[in-house]
1. So residue 90 fits all but one of (1) assigned by TED's automatic domain parsing to the domain that holds residue 213; (2) in contact with a helix residue (DSSP H, G or I) (Cβ under 9 Å, 6 or more places away or on another chain); what number is the exception?
2. Which strands (runs of 3 or more DSSP E) sit wholly inside the range 2-58 and have at least 1 residues that are of a type in the set (A, V, I, L, M) and in contact with a His (Cβ under 8 Å, 6 or more places away or on another chain)?
3. Please tell me if residue 188 is surrounded by 15 or more Cβ atoms within 10 Å (Cβ to Cβ) and free of Cβ contacts under 8 Å to residues at least 40 places away in the same chain.
4. Name the pairs whose Cβ atoms lie under 6 Å apart, with the first residue in the range 216-233 and without any contact (Cβ under 8 Å) to a residue 24 or more places away in the chain, the second in a helix (DSSP H, G or I) and surrounded by 18 or more Cβ atoms within 10 Å (Cβ to Cβ), and 6 or more positions between them or separate chains?
5. Please count how many residues of the range 127-166 are under 24 Å from residue 59 (Cα atoms), acidic (Asp, Glu) and outside any helix (DSSP H, G or I).
6. Of all residues in the range 91-126, count the ones that are buried (at least 20 other Cβ atoms within 10 Å of the Cβ) and assigned to a loop (DSSP other than H, G, I, E, B).
7. Do we find a residue being in the same structural domain as residue 272 (by TED's automatic domain parsing), at pLDDT below 95, surrounded by fewer than 23 Cβ atoms within 10 Å (Cβ to Cβ) and acidic (Asp, Glu) anywhere in the range 63-77?
8. For residue 178, indicate whether it is in a loop (DSSP other than H, G, I, E, B), aliphatic (A, V, I, L, M) and within 22 Å of the chain's Cα centre (by Cα).
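The values are calculated or read from the model by the stated rules, or taken from the named source; none is laboratory data. A quick note: this is a predicted structure, and the numbers were derived from the prediction, not measured. For neighbour counting, all protein chains shown are included, and Cβ atoms are generated from backbone atoms with ideal geometry for every residue, glycine included.
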Amino acid sequence: MSHPEPTVIGKISYTNSWPVFHNFHPSLLSFPAEMVSEVPAILNQGMARGSIHVGALSSFAYAAASDRLLLLPDLSVSADGPVQSILLFSRAPLAGIASGTIAVTNTSATSVNLLKILLEKAMGGQPEYISAAPDIDRMMEQADACLLIGDNAIRASWQDQGYTVTDLGELWKEWTGLGMTFAVWAVNREAAGMRPGAVAEIAEAFVESKRQGQRNLAPIIQEACTAVGGTAAYWDRYFHNLCYDFGERQQEGLNLYFRYAYELGLLPREVKIEIWSHNLLTRVKE
């Protein structure tokens, strides 16, 4: 299949998505394609605008642009409890800073809004949020707590600086009884209509890459040790702890997150998850 322009695929640069991307090679697709690797905030903008046709993005960004996006099936970055890379560092236990000043990472809205839901809806807090670059020392100079995500959170968790560390995935599980989906794979609706064959091939290639990655984590673990640091044992536990599927259980937790985000005014409208499939649009039951 030929297209006037290459199909652009978005790749989250964080290690948590590597098992899905490691064995995905755009050069093996039957049509011209290129992949861009960025932090979620940049990918989110590209997916919403349509300059990125298909790929990974943060869950909240999908919700904010759900009128323009469809989710790909069987793909996510989720955790049924502790996620180990969405961490709040605080000078006091959570109850003591729920109405304090909190510095939040400026790289992804999903985790920031999860924190707002947990502090404001679950704990009744009224904190002040300040946006900051993900640097724990600078963030804690101006706040009672700071939120870090991805590899920045992982590196900070290896340093014992005396802070109370709260895993937002664990806190969400304790409060709701459900897991949390932090990232999803989606396709721009216009691209899905204009390039259905390409989208189908990409979706299948991603699912196959996920299967291969989960079967053989060794090269991914080695890459993480080289790029980020830490031990092979740490990364083995980290990757095995995450879930890369998007079944009913993951959809249930994500639907609840979207509902709470709407109730808090973080989303302008209620979001109904819609999943792309071959020539069929499937609305997920809540």
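1. Failing condition for residue 90: (1).
2. Result: 7-12.
3. Working: surrounded by 15 or more Cβ atoms within 10 Å (Cβ to Cβ): yes; free of Cβ contacts under 8 Å to residues at least 40 places away in the same chain: no.
Against the criterion (surrounded by 15 or more Cβ atoms within 10 Å (Cβ to Cβ) and free of Cβ contacts under 8 Å to residues at least 40 places away in the same chain), residue 188 does not qualify.
4. Matching pairs, first to second residue: 221/235; 232/221.
5. The total comes to 2.
6. 3
7. Yes, some residue in the range 63-77 is in the same structural domain as residue 272 (by TED's automatic domain parsing), at pLDDT below 95, surrounded by fewer than 23 Cβ atoms within 10 Å (Cβ to Cβ) and acidic (Asp, Glu).
8. Working: in a loop (DSSP other than H, G, I, E, B): yes; aliphatic (A, V, I, L, M): yes; within 22 Å of the chain's Cα centre (by Cα): yes.
So residue 178 passes the test.
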